[in-house]
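Please read the structure below before turning to the comments.
The values are calculated or read from the model by the stated rules, or taken from the named source; none is laboratory data. Worth saying up front: this structure is predicted, and the values here are computed from it rather than measured. All Cβ positions, glycine included, derive from the backbone under ideal geometry; neighbour counts span all protein chains shown. All accessible areas refer to the heavy atoms of the entire protein, side chains included, with ligands and DNA or RNA removed. Shrake-Rupley method; radii C 1.70, N 1.55, O 1.52, S 1.80 Å.
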Amino acid sequence: MAIVRWDPFKDLLSVQERINKIFDETVSNEANMRQGDWNPPVDIYETDSDIILTLELPGTKEEDVDIQVNEGLLVVKGEKKVPYSKNDNNFYRLERPYGKFTRSFSLPNNADLEGIKAKLKDGILAIKITKKNESKPVTIKVDKED
């Protein structure tokens, strides 16, 4: 039979870790709720000439989406409305997200603010941001003095 030493601080640390986890989850959920009722997922990728953002907005109409650019920040706001009356049916479960949403994205310095286009098709909002033509460095040759 082996003798095991009891360490009261080990149990205390375990309790502290659980409390920290609960606190972190609560703060994270409150921050998300302040932004909106839900956050649509987004993909961001870049080509040689454009930056493209795609957001999943199934069931959202064009008139329910607002896109603005202010001081280098692209803000996408909107609302996904419940397509039926809650009074008409007896619901057992509502898992799909509904309500208001807000997503914000910092734009790079080479973004052409006049060249931003957005299109909503099949529940996917595609925002295309054209990049400005960057001036390339010029090398100047230094001639030898005559």
**OP:** Give region 63-86 a look and list any residue that's on the phi > 0 side of the Ramachandran plot and loosely packed, with under 10 Cβ neighbours inside 10 Å, or say none.
**Re:** GLU71
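What do you reckon, is LYS128 among the charged types (D, E, K, R), touching a residue at least 60 places away in the same chain (Cβ under 8 Å) and surrounded by 14 or more Cβ atoms within 10 Å (Cβ to Cβ)?
Working: among the charged types (D, E, K, R): yes; touching a residue at least 60 places away in the same chain (Cβ under 8 Å): yes; surrounded by 14 or more Cβ atoms within 10 Å (Cβ to Cβ): yes.
Criteria met by LYS128.
Matching residues to (1) farther than 30 Å from TRP38 by Cβ; (2) aliphatic (A, V, I, L, M); (3) touching a Phe, Trp or Tyr at 6+ places or on another chain (Cβ under 6 Å):
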residue: TYR92; (1), (2), (3): no, no, no
residue: GLU95; (1), (2), (3): no, no, no
residue: GLY123; (1), (2), (3): no, no, no
residue: ILE127; (1), (2), (3): no, yes, no
residue: LYS131; (1), (2), (3): yes, no, no
residue: GLU134; (1), (2), (3): yes, no, no
residue: PRO137; (1), (2), (3): yes, no, no
residue: VAL142; (1), (2), (3): yes, yes, no
residue: ASP146; (1), (2), (3): yes, no, no
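What are the residues in region 102-125 that are out of contact with any Lys or Arg (no Cβ under 6 Å at 6 or more places or on another chain), loosely packed, with under 15 Cβ neighbours inside 10 Å and within 14 Å of LEU74 (Cβ to Cβ), if any? Before the answer, list the steps.
So in region 102-125, the residues out of contact with any Lys or Arg (no Cβ under 6 Å at 6 or more places or on another chain) come out as 103-109, 111, 113-116, 118-125.
Add one more test, that the residue is loosely packed, with under 15 Cβ neighbours inside 10 Å, and what stays is 104, 106, 108-109, 113-115, 119, 121-124.
Within region 102-125, SER104, SER106, PRO108, ASN109, LEU113, GLU114, GLY115 qualify.
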Original post:
Consider GLY99 against the criteria (1) closer than 27 Å to ILE51 by Cα; (2) surrounded by 10 or more Cβ atoms within 10 Å (Cβ to Cβ): it satisfies all of them except one. Which criterion is unmet?
Top reply: (1)
Original post:
Does region 52-60 contain any residue that is modelled with pLDDT of 90 or more, open to solvent by 100 Å² or more (accessible area, probe 1.4 Å) and not acidic (Asp, Glu)?
Top reply: no
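Any idea how many residues of region 53-83 are more than 13 Å from SER106 (Cα to Cα) and out of contact with any helix residue (DSSP H, G or I) (no Cβ under 8 Å at 6 or more places or on another chain)?
Of all residues in region 53-83, those more than 13 Å from SER106 (Cα to Cα) come to 54-67, 77-83.
Subsequent filtering for residues that are out of contact with any helix residue (DSSP H, G or I) (no Cβ under 8 Å at 6 or more places or on another chain) retains 54-67, 77, 82-83.
The total comes to 17.
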